[in-house]
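Here is the structure we will look at, set down as structure tokens.
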Amino acid sequence: MSLELTDVTLTYPDGDARLTALDAVSLTVPAGRVTAVVGPSGSGKSSLLAVAATLIRPDRGRVVIDGTDTAGLGRGELTTLRRSTIGTVFQQPNLLPSLTAVEQLQVMAHLDGRSPRTARSRAQELLAAVGLTEQADRRPHQLSGGQRQRVNIARALMNEPAVLLVDEPTSALDHERGAAVLGLLTDLTHQRGTATVLVTHDRSHLASVDAVAEVQDGRLTSGAGAGV
């Protein structure tokens, strides 16, 4: 079990009161499985992802990542955990314009203290896994939108995370490229054993994931993969 949220409640100030973003949410995502979290805008999907990424501490509840209960960790310890254990695929790739595809990945390894030779070998292996061997030395402006998103995915896997958190990866892609990206994420999750949470409003590709959890007004209302 690589990611477990148990009875997580998160509120925000709202004038003199507090707005509930997550209401006693429990979600278990095993290693090697993709759970899609779906729901309308404002339902709590982004808040759930932020809590799972340890970017926001919940008011109540437990967040356990790869066997580590994050409740007792300090800010520095959480930063280390995120760098070594959590990979994030952002909605927009946000690639550095001056770096090639392989260099985008090498930067991640440099931050983790890996040797340049080891980093380049790992980066090339991951670019091959996402079908971009021939694009390794191209810069972002030389890549299509789908290719940039594949670099984004490979970069998130660079430090061999136990948990992969994915935010709306198909929002800027057409239907065909979106389906290809979700299929790739599912295949990589199964191959590499990550616990993957995929936040999306697009229900058209959900057949490729392992479980679906639906969020409504901060509650998990239905879906396989929701904790009980």
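Could you identify the single residue in 63, 34 that is under 12 Å from the mean Cα position of the chain (by Cα), touching a residue at least 12 places away in the same chain (Cβ under 8 Å) and part of a strand (DSSP E or B)?
Working: 63 fails: under 12 Å from the mean Cα position of the chain (by Cα).
None of the others qualify; the one that does is 34.
Yes or no: residue 54 surrounded by 14 or more Cβ atoms within 10 Å (Cβ to Cβ), assigned to a strand (DSSP E or B) and of a type in the set (S, T, N, Q)?
So residue 54 fails the test.
In the list 20, 28, which residue meets the criterion of being crowded, with 16+ Cβ neighbours inside 10 Å, assigned to a strand (DSSP E or B), in contact (Cβ under 8 Å) with a residue 40 or more places away in the chain and in contact with a Ser or Thr (Cβ under 7 Å, 6 or more places away or on another chain)?
20
Residues in the stretch 69-79 that are more than 12 Å from residue 53 (Cα to Cα) and in a helix (DSSP H, G or I): how many?
Counting residues in the stretch 69-79 that are more than 12 Å from residue 53 (Cα to Cα) and in a helix (DSSP H, G or I) gives 5.
Yes/no matrix, rows are residues, columns are (1) assigned to a helix (DSSP H, G or I); (2) buried (at least 24 other Cβ atoms within 10 Å of the Cβ):
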position	(1), (2)
150	yes, yes
155	yes, yes
165	no, yes
171	no, no
182	yes, yes
185	yes, yes
215	no, yes
221	no, no
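Just one of (1) polar (S, T, N, Q); (2) crowded, with 18+ Cβ neighbours inside 10 Å; (3) more than 17 Å from the chain's Cα centre (by Cα); (4) not in a strand (DSSP E or B) trips up residue 41, so point out which.
Only one criterion in (1) polar (S, T, N, Q); (2) crowded, with 18+ Cβ neighbours inside 10 Å; (3) more than 17 Å from the chain's Cα centre (by Cα); (4) not in a strand (DSSP E or B) is unmet by residue 41, namely (2).
Quick test of your reading of the structure: residue 70 fulfils all but one of (1) closer than 23 Å to residue 192 by Cβ; (2) touching an Asp or Glu at 6+ places or on another chain (Cβ under 8 Å); (3) at pLDDT 95 or above; (4) among the polar types (S, T, N, Q). Name the failing condition by number.
Here residue 70 meets the rest and fails (2).
May I ask you to list the residues in the stretch 113-137 that are over 22 Å from residue 189 (Cα atoms) and surrounded by fewer than 16 Cβ atoms within 10 Å (Cβ to Cβ)?
113, 115, 116, 117, 118, 134, 137
So which residues in the stretch 100-126 are under 28 Å from residue 50 (Cα atoms) and part of a loop (DSSP other than H, G, I, E, B), if there are any at all?
Scanning the stretch 100-126 gives 112, 113, 114.
From the list 102, 63, exactly one residue is at pLDDT 95 or above, touching an Asp or Glu at 6+ places or on another chain (Cβ under 7 Å) and either within 19 Å of residue 147 (Cβ to Cβ) or not charged (D, E, K, R) (or both). Which is it?
102
With respect to the numbered conditions (1) free of Cβ contacts under 8 Å to residues at least 24 places away in the same chain; (2) farther than 18 Å from residue 51 by Cβ; (3) loosely packed, with under 15 Cβ neighbours inside 10 Å, which one is the sole condition not fulfilled by residue 92?
(1)
Quick test of your reading of the structure: residue 50 fulfils all but one of (1) in contact (Cβ under 8 Å) with a residue 40 or more places away in the chain; (2) closer than 22 Å to residue 213 by Cβ; (3) small (Gly, Ala, Ser). Name the failing condition by number.
Failing condition for residue 50: (1).
When you scan the stretch 136-147, how many residues do you find that are closer than 12 Å to residue 99 by Cα and assigned to a helix (DSSP H, G or I)?
Matching residues across the stretch 136-147 total 3.
The values are calculated or read from the model by the stated rules, or taken from the named source; none is laboratory data. Note that this is a predicted model, so its numbers are computed, not measured. Counting neighbours? That spans all protein chains shown, and the Cβs are built from the backbone with ideal geometry, glycine included.
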